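Peer 1: Structure below; questions to follow.
The values are calculated or read from the model by the stated rules, or taken from the named source; none is laboratory data. Note that the coordinates shown come from a computational prediction; the quantities given were computed from them, not determined experimentally. What goes into the accessible areas is simple: the full protein's heavy atoms, side chains included, and nothing from ligands, DNA or RNA. Shrake-Rupley method; radii C 1.70, N 1.55, O 1.52, S 1.80 Å.
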Amino acid sequence: MSLAFQGMVAGMALAFAGWFGGFGAFLLVAALGAIGCAVGVWLESGGGLDEVPVLFSRGRR
C-alpha cells in the first residue's frame, strides 16, 4: 500500500469518528492510530516483540 493511500484511509477513519462519535472519539482514534504507527515503524526497523516488556520495565540498581 502506498503512503498516500494509507493517509487517505487514516483521514477517512478520523472523519467518520469525528462525525459519528464526536470530538472524544476523534481524539481516541487519532491517539490509537499514532501508537499503532509508532509500533509499526519500530517493528519494521528491527525491533522484536520479545523486547516489548523491556520497554516498560524499570531499571534496577
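Peer 1: Dividing the Cα radius of gyration by the Kirkwood radius, what Rg/Rh value follows for the range 1-50?
Peer 2: Taking Rh as the inverse mean 1/r over Cα pairs, Rg/Rh reads 1.08.
Peer 1: Give me the angle, in degrees from 0 to 90, between the Cα long axis of helix 3-44 and the longest principal axis of the Cα atoms of the chain, rounded to the nearest 10.
Peer 2: 40
Peer 1: Hey, another quick one. Given a 1.4 Å probe and every protein chain left where it sits, what share in percent of the accessible area of the chain is carbon and sulfur?
Peer 2: Here carbon and sulfur together make up 71 percent of the probe-accessible area.
Peer 1: Further question: How much accessible area per residue does the chain have, counting only protein heavy atoms and a probe of 1.4 Å, in square angstrom?
Peer 2: 87
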